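The values are calculated or read from the model by the stated rules, or taken from the named source; none is laboratory data. Predicted, not measured: the structure shown is a model, and the values here were computed from it. Neighbour counts are summed over all protein chains in view; Cβ atoms, including those assigned to glycine, are modelled from backbone coordinates with ideal geometry. Accessible surface is based on the protein model in full, side chains and every heavy atom, while ligands, DNA and RNA are left aside. Shrake-Rupley method; radii C 1.70, N 1.55, O 1.52, S 1.80 Å.
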Amino acid sequence: MNLEKSATAFEDAKKFMPGGVNSPVRSYFNVDGNPPFISHAKGSHIFDIDGNEFIDYVGSWGPMILGHANPQVVAALKKAVENGTSFGAPTELETQLAKLIQKFYPSMEVMRMVNSGTESTMSALRVARGFTGREKIIKFVGCYHGHSDGLLVAAGSGAATFGEPSSPGVTKGTAQDTICLPYNNISAVEKIFEECGEEIAAVIVEPVAGNMGLVPPKKNFLPGLRKVTEKFGSLLIFDEVMCGFRVSFGGAQEKYKIIPDLTCLGKIVGGGLPCAVYGGREDVMRNVSPDGKIYQAGTLSGNPLAMTAGIETLKILAEDPSLVERIARKTADLADGLKIKAQLANVDVQVPQVGTMFSLFFSQKKIRDYADAISANSEQFKIWFSAMLERGIYLAPSQFETLFVSSEHTKEDFSRTLDAAEEAFQVVGKNF
Ligand code: KE4
């Protein structure tokens, strides 16, 4: 595969941006090789500047559930841009998107638009602390909620579990208020609550974890979180930035029938433009400025172009309520096909799938938490990833990411993907 123009572009980009990218994972630092530089995308396919065409399972890390350059979204944006790109003033578009969101996430009684998933989770945690007057939060090892300081925290050493900074620049003072626990381990959560429940403002969780690879919740995990947070007066925050609209149209809260106090949405909600949302119980959210004293603001929050893309995307999904389910069935078939191809090559894989999301671990055992995820064979993943890219299949360049199927992926796409996977698993099999 010719990637010469991308290689040149990458060298140029590195002179101006760390790693030549504006988000680390795109640099392919987790896998050997240079990232293709993209020229355009359409439907389920993405094209690089060397003229290579790929079947895309990254989908901009989740937003593109309708595929790239959806004609209805593009037409609406072309019209909207003629009216101006940003006003810094209220528009009816914001209310229109809020109404659409609330129709499918009724737990979001009151909400606030922001520009990224990071902003949504950072703001939701500030609201939880402001509302409860408490300082500690619980997150789970392997879950990613964006890069705000209090969330760039690794599990503390020993049993303490009180967080330690996972990035330079995060202070010990910040990290110490974040308790990190193993995902899917409800007894560890109950134990901490028994020790210091009255100090805990909130538990934030990816109800379907997608940032250590895809790890579904154990049956008792989410109900257990709901029960213990209610018992101790802490808030339960569902970070559905990735799994919202994907594990079910109404997200994990609809799929697992657990109602959080606050929800964070992103990615799909902006149709691929910078938009995210946090919201939930009215008695909590009315504490946000200017109704209340908890401050949060943003120059481009509720931007008319982002609102337009989000509205059109959610309108299309709402007009065809079984669409997400149909994409989920395609995703399940693809996951089954990948398992079969791996078996043919005598390669051990796990291919977890929930709704329109799936991922692939080179492991014999079921992956239930971060410790399991990092025990998977990342060297085999690297070989498989490169072999798939060579064959025109564009996957996330890390085993600790999730892959996404869109409405535009076709039977032909899946057949080509499985043919490529059969060869790629053979390559792995030969190397191990
Ligand atoms: P952003 O700030 O990247 O918009 O959203 C942060 C975020 C919050 N919550 C969840 C569950 C998320 O998955 C994310 C961001 N996801 C990553 C993909 N693993 C974005 C890709 C990237 O960082 O470049």
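Find the Cα radius of gyration of the stretch 71-319, compare it with 2.2 N^0.38 Å by division, and give the number to two decimals.
1.00
For the stretch 71-319, what does the accessible surface come to per residue with a 1.4 Å probe? Please give it in Å².
In whole numbers, the stretch 71-319 has 41 Å² accessible per residue.
Between Lys430 and Ser322, what is 0.36 nm times their sequence separation minus the Cα-Cα distance? Round to one decimal in nm.
Extra length from Lys430 to Ser322 when fully extended: 34.7 nm.
How large a share of the accessible area of the stretch 359-406, in percent, is made up of carbon and sulfur atoms when the probe is 1.4 Å and the other protein chains stay in place?
Working: 780 of 1670 Å².
Carbon and sulfur atoms account for 47 percent of the accessible area of the stretch 359-406.
Starting from the residue with the highest accessible area, list Glu11, Glu206 in decreasing order, probe 1.4 Å.
Solvent-accessible surface, decreasing: Glu11, Glu206.
Ignoring everything except DSSP H segments at least 4 long, calculate the 222 nm mean residue ellipticity for the chain; use -39,500 (n - 2.57) per segment, divide by total residues, nearest 500.
-12000 deg cm²/dmol
Could you tell me whether the stretch 143-217 comes out rounded, prolate or oblate from its Cα gyration tensor? Rule is a ≥ b ≥ c as square roots of the eigenvalues, rounded for a/c under 1.5, then prolate if a/b exceeds b/c, otherwise oblate.
Oblate, since a/c reaches 1.5 and b/c is not below a/b.
Using a/c under 1.5 as the rounded threshold, could you call the stretch 174-325 rounded, prolate or oblate? The axes a ≥ b ≥ c are square roots of the C-alpha gyration tensor eigenvalues, and prolate needs a/b larger than b/c, oblate otherwise.
oblate
So if each residue of separation counts as 0.36 nm, and I subtract the Cα-Cα distance between Val74 and Lys218, what length gain in nm does that give?
So the chain would gain 47.9 nm between Val74 and Lys218.
Whenever you get a sec, line up Arg26, Arg416 from highest to lowest accessible area (probe 1.4 Å, protein heavy atoms). Provide the component values of the computation, followed by the final result.
Numbers: Arg26 120, Arg416 85 Å².
Result of the area sort, largest leading: Arg26, Arg416.
Of the heavy-atom accessible surface of the stretch 71-319 (probe 1.4 angstrom), what whole percent is carbon and sulfur?
The C+S portion of the solvent-accessible surface of the stretch 71-319 is 55 percent.
Would you give the gap between the C-alpha center of the stretch 351-397 and the C-alpha center of the stretch 241-320, rounded to a whole Å?
With the stretch 351-397 and the stretch 241-320 each reduced to a Cα centre, they are spaced 29 Å.
Take every DSSP beta bridge with both residues inside the chain and express the antiparallel ones as a percent of the total, to the nearest 5. The partial results should precede the final answer.
Working: 26 of 45 bridges.
The antiparallel fraction comes to roughly 60 percent.
Taking each full run of DSSP H in the chain as one helix, which ones are at least 20 Å long along their axis (Cα atoms) and have mean Kyte-Doolittle hydropathy of at least -1.0?
TM-like helix candidates: 117-132, 304-319, 323-344, 411-431.
Given just the C-alpha atoms of the chain, how large is their convex hull per residue in cubic angstrom?
Cα-based convex hull of the chain, divided per residue, equals 143 Å³.
Quick one: if the Förster radius is 45 Å, what FRET efficiency do Ser86 and Glu164 give, using the C-beta to C-beta distance and rounding to 0.05? Walk me through the numbers on the way to the answer.
Values: r = 39 Å, r/R0 = 0.88.
That gives a FRET efficiency of 0.70.
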